[in-house]
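Note sheet for the following structure.
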Amino acid sequence: MRIPLQPVEQLEREQRRRNSEVPELWTTLDRVMDPELPVISIWELGVLQNVELRGQTVVVTITPTYSGCPAMHTIAEDIQAALEQAGYPHREVITQLAPAWTSNWIGPAAQEKLRQYGIAPPQNADSGGVISCPHCGSEQVQAISEFGSTACKALYKCRDCAEPFDYFKSF
Amino acid sequence: MSTDNPVSQYAVRLADDALILGHRLSEWCSRGPFLEEDLALSNVALDYIGRARMFYGYAAELSGDDRSEDDFAFLRDCRDFGNLLIHELPRGDFAFTMARQYLVDVHSVAFMTDLQSSTDATLAAIAGKAVKESNYHLRRSRDWMLRLGGGTEESHRRLQHAVDELWGFTPEMFEMDELEKSLAGQGVAVDVSRLQPAWDTEVRATLAAANMSIPEEDWQVSGGRQGKHTEWLGHLLSDLQFMQRAYPGLEW
Ligand SMILES: [Zn+2]
């Protein structure tokens, strides 16, 4: 049996949420989805790092996925909107670069959601992960392009069912 | 538009490198040789433009006046740009674009790896993101060197032509001026002169594997860091900056 190693930054992120004095804020932000992958939340994606109440102001810390990812702007706007709707008039969204985002922060449950959505979840080659077709499960797949329709995806094709699919890059 | 803070000046140079190359790559959008390559070139362009925004944003923060990242990108003229010349050369054909990308990627990976241990925490954090992206870019650009070099007679000829045209622009990537020497002494900047031997070994090995001959080292050009550019930068900026010049303060 392989025991999956939890990256230390991921552990700390989960601890911040578990020990938070404002759990309702985290729950509110669970409604904010990745605009390009609307089945997983920014928490599941690993972008949401922290939520705090500083005085009257809700301070949200996020980490960008890719440097030029246009979705980050939308995510910040969606956070503002979700908090406004929940009745928080004072809000601030901070972008934090370090530790750099990695696809290893996407947990098993979110990976399964990606697969259901038709996107092969990221596989860490070092831990022996194999990319499989999200449609039929075959491991006979072929890379078509290292770059796909968005910064986070590569383009693959299944040799068994012949369907093309997006692969969420391991990054 | 110059600023006295040396770290800010350094960040602007790195931002200029990223913005100018990012713009050159973005010119391929809808002109790629096939769909997948079109997407790849645009993706790499986006990574660079994101990198430029992070460096400009930091430079603006350090400059202490009310300038924003946009002021740096859109309101400076040629002589204020400090990018290395190799980034501003016209995109040329696909072989030229990939050869430049490869030569720059090998440099970028080593550079950003070093910058990750900068004593300046923000530069180090930006480098932490950039190095992962450059590693990913390098995988593809090296692959294209081998494919074009070992492909048809035409692809081989075009790649060799590109490498010959680019070669004299590569020594500039390893030059240090007073600003960078002083910042490197404080552990802030990368000492690029130290990166050259490893770059040389890696690039020569790839050129050999791609059946390319190593160009003669009979010319070299530099001056980008001092604002002395090729005529091509002005043409690029007239395109890049047109909207802000024509409609100052325009927002999306
Ligand atoms: Zn399949």
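Among the criteria (1) farther than 21 Å from B:G227 by Cα; (2) in a helix (DSSP H, G or I); (3) touching a helix residue (DSSP H, G or I) at 6+ places or on another chain (Cβ under 9 Å), the one B:P33 does not fulfil is (2). Exactly one residue out of A:Y156, A:Y167 is within 15 Å of the ligand (Cβ to nearest atom) and under 19 Å from the mean Cα position of the chain (by Cα): that is A:Y167. Close Cβ contacts (under 6 Å, 6 or more residues apart or on different chains) running from residues in the stretch B:180-206 that are under 16 Å from B:M112 (Cβ atoms) to residues that are charged (D, E, K, R) comprise B:A184/B:D191; B:V188/B:D120; B:A189/B:E180; B:V190/B:D114.
Annotation note: of B:R51, B:R76, B:R67, the sole residue that is within 14 Å of chain A (Cβ to nearest Cβ), open to solvent by less than 50 Å² (accessible area, probe 1.4 Å) and not hydroxyl-bearing (S, T, Y) is B:R51. Among the candidates B:R139, B:R194, B:R158, the residue that is away from chain A (no Cβ under 14 Å) and closer than 28 Å to A:I144 by Cβ is uniquely B:R158. Take the conditions (1) of a type outside the set (F, W, Y); (2) under 15 Å from the mean Cα position of the chain (by Cα); (3) assigned to a helix (DSSP H, G or I); B:E180 misses just one of them, which is (2). For the stretch A:118-143, filtered to residues that are more than 16 Å from the ligand (Cβ to nearest atom) and touching a residue at least 12 places away in the same chain (Cβ under 8 Å), the residue that is farthest from B:R53 (Cα to Cα) is A:G128. Considering the conditions (1) more than 10 Å from chain A (Cβ to nearest Cβ); (2) surrounded by fewer than 21 Cβ atoms within 10 Å (Cβ to Cβ); (3) in contact (Cβ under 8 Å) with a residue 40 or more places away in the chain; (4) outside any loop (DSSP other than H, G, I, E, B), B:T97 is excluded by exactly one of them, (2). Of the residues in the stretch A:1-20, how many are in a loop (DSSP other than H, G, I, E, B) and modelled with pLDDT of 95 or more? Final tally of qualifying residues: 2. Considering the stretch A:64-94, the residues that are open to solvent by less than 20 Å² (accessible area, probe 1.4 Å) and assigned to a helix (DSSP H, G or I) include one that is nearest to A:L25 (Cα to Cα), namely A:L83. Taking A:R115 as the residue in question, decide whether it is out of contact with any Pro (no Cβ under 8 Å at 6 or more places or on another chain) and within 16 Å of the ligand (Cβ to nearest atom). So A:R115 fails the test. The single condition from (1) within 30 Å of B:L25 (Cα to Cα); (2) within 14 Å of chain B (Cβ to nearest Cβ) that A:Q49 fails is (1).
The values are calculated or read from the model by the stated rules, or taken from the named source; none is laboratory data. Since we're looking at a predicted model, the values are computed, not measured. As a convention, Cβ positions derive from the backbone with ideal geometry for all residues, glycine included, and neighbour counts pool all protein chains shown. SASA here: full protein model, heavy atoms, side chains in, ligands and nucleic acids out. Shrake-Rupley method; radii C 1.70, N 1.55, O 1.52, S 1.80 Å.
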